[in-house]
Protein chains: 2
Amino acid sequence: MDEFMLAAIKEARLGLQEGGIPIGSVLVHQGRILGRGHNRRVQQGSAILHGEMDALENAGRLPAAIYRESVLYTTLSPCPMCTGAILLYGIRKVIIGENQTFMGSETLLRDQGVELHVLQDASCIKLMQQFIAEKPALWNEDIGVED
Amino acid sequence: MDEFMLAAIKEARLGLQEGGIPIGSVLVHQGRILGRGHNRRVQQGSAILHGEMDALENAGRLPAAIYRESVLYTTLSPCPMCTGAILLYGIRKVIIGENQTFMGSETLLRDQGVELHVLQDASCIKLMQQFIAEKPALWNEDIGVED
């Protein structure tokens, strides 16, 4: 696995250690990580800081041209909100750790011309399987599903 | 105009006074405002705090059932990111101040069954027209458009 997905997984594990939801993400531009992030629902009481959103936020304000040349790595298939952020900024390529525990808006992304690579990485799957089994209510809250 | 769009406009004006982008939003549940927000790109150097996102964040963590019964008011047609957040949380009704200065992802929202009401309010339009004329580069940055 390349270093950037490893960096996203590291973020996911950091979130888990903090008592949070284990999803991580990094935004990469020309081989350099511009922003790292992980889900902060629990840690910051946040409704919007999914892993991808946190990575985008930590990357800071960027010119449109930079986003267009960037690749977003995320340990889990992007939800509708994170999908919307990808589309807003015109990010053209997303590397996804897995989509077995949660299928995000991949059809919408592909329809809009975004290149997706789904790795079905065993460590990403295991992180989410264990988390969902342990804290189903928290997971449902994060994806807007009623218990 | 009802009190909730007035509250969203008040948020937009507050953002303008702070040197920011004049877009405001409130999340309303059964006649009560759960969260107020405005675009904070300039104020917080944020890439994700659009008005709607800020209102959702300020409303805090909520059960899925509350979002489903809530109405989101926003002074401007929701961009792809804010649209995604609306879809993630299953918000069923969005009141939009105007969509003349910027057309967001209204087709996607309607296709997903979200009820939209576009007011084409003169004060919302004027706020954006003046802002876009004065700071076109900042506006383009906010919607991911290259100068």
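The values are calculated or read from the model by the stated rules, or taken from the named source; none is laboratory data. Bear in mind the structure is a predicted one, so any value in this text is a computation, not a measurement. In this analysis, Cβ positions are derived from the backbone assuming ideal geometry, glycine residues included, and neighbour counts consider all displayed protein chains. Accessible surface is based on the protein model in full, side chains and every heavy atom, while ligands, DNA and RNA are left aside. Shrake-Rupley method; radii C 1.70, N 1.55, O 1.52, S 1.80 Å.
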Select the chain B residue whose beta carbon lies nearest to the rotation axis carrying chain B onto chain A, and write the distance in whole Å.
-> B:GLY84, 1
At 7 Å out from Cα toward Cβ: A:GLN100 inter-copy label distances (nm, ascending) | 5.4
Highest-MSF residue in chain A out of A:LEU87, A:LEU72, A:LEU56 [GNM, Cα springs under 10 Å] = A:LEU87
Determine the alpha carbon to alpha carbon distance for each of B:LYS10/B:LYS135; B:LYS10/B:LYS126; A:LYS93/A:LYS135 and list only those over 23 Å.
-> A:LYS93/A:LYS135
Using a 1.4 Å probe on protein heavy atoms, which residues of the stretch B:65-97 have at least 20 Å² less accessible area in the complex than alone?
-> B:ALA65, B:ARG68, B:PRO80, B:MET81, B:GLY84, B:LEU88, B:TYR89
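Could you work out the mean count of beta carbons from other protein chains within 10 Å of each residue's beta carbon in B:42-49?
For this peptide, the per-residue mean of nearby foreign Cβ atoms is 5.
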Heavy-atom accessible surface buried between A and B, both sides counted, 1.4 angstrom probe, nearest 100 Å², is 2800 Å²
Rolling a 1.4 angstrom probe over the protein heavy atoms, how many square angstrom per residue are accessible across the stretch B:3-143?
-> 38 Å²
How far is A:GLU18 from the same spot in each other copy, in nm, shortest first, if each label point sits 7 Å from Cα toward Cβ?
-> 2.2
Mean Kyte hydropathy of 0.5 or more with a Cα span along the axis of at least 24 Å, helices from DSSP in chain B | none
Heavy-atom accessible area ranking, 1.4 Å probe, most first, across B:ARG68, B:ARG32, B:ARG13 | B:ARG32, B:ARG13, B:ARG68
Hydrodynamic radius of the stretch A:3-143 per Kirkwood, over alpha carbon pairs, in Å = 14.5 Å
About its Cα centre, the stretch B:3-143 carries a charge dipole, from +1 on Lys and Arg Cβ atoms and -1 on Asp and Glu Cβ atoms, whose size in debye to the nearest 20 is 260 debye
So for the stretch B:93-147, using the alpha carbon gyration tensor with a ≥ b ≥ c as root eigenvalues (a/c under 1.5 gives rounded; past that, a/b versus b/c decides prolate or oblate), I'd call it oblate
Residue-wise HN-Hα coupling along the stretch B:142-147, computed from phi with Karplus coefficients 6.51, -1.76, 1.60 (Hz; x: Gly, Pro) = 5, 10, x, 9, 6, 5
Within-15-Å neighbourhood charge of A:GLY51 [Cβ basis; K, R +1; D, E -1] | -3
Would you work out the charge dipole size for the protein assembly as shown about its Cα centre, treating the Cβ of every Lys and Arg as +1 and the Cβ of every Asp and Glu as -1, and quote it to the nearest 20 debye?
-> 340 debye
Fraction of accessible area attributable to carbon and sulfur, chain A (%, probe 1.4 Å) = 48 percent
For the protein assembly as shown, with equal point scatterers placed on the C-alpha atoms only and solvent neglected, what are the log10 I(q)/I(0) values from the Debye formula at q = 0.08, 0.09, 0.14, 0.15 1/Å, to two decimals?
-> -0.31, -0.39, -0.97, -1.12
What net charge do the residues around B:ALA137 carry, taking every other residue with its C-beta under 15 Å from that of B:ALA137, with Lys and Arg at +1 and Asp and Glu at -1?
-> -2
Karplus (6.51, -1.76, 1.60) ³J(HN,Hα), θ = phi - 60°, over the stretch B:68-79, in Hz, Gly and Pro reported as x | 5, 9, 9, 10, 9, 9, 9, 6, 9, 3, x, 5
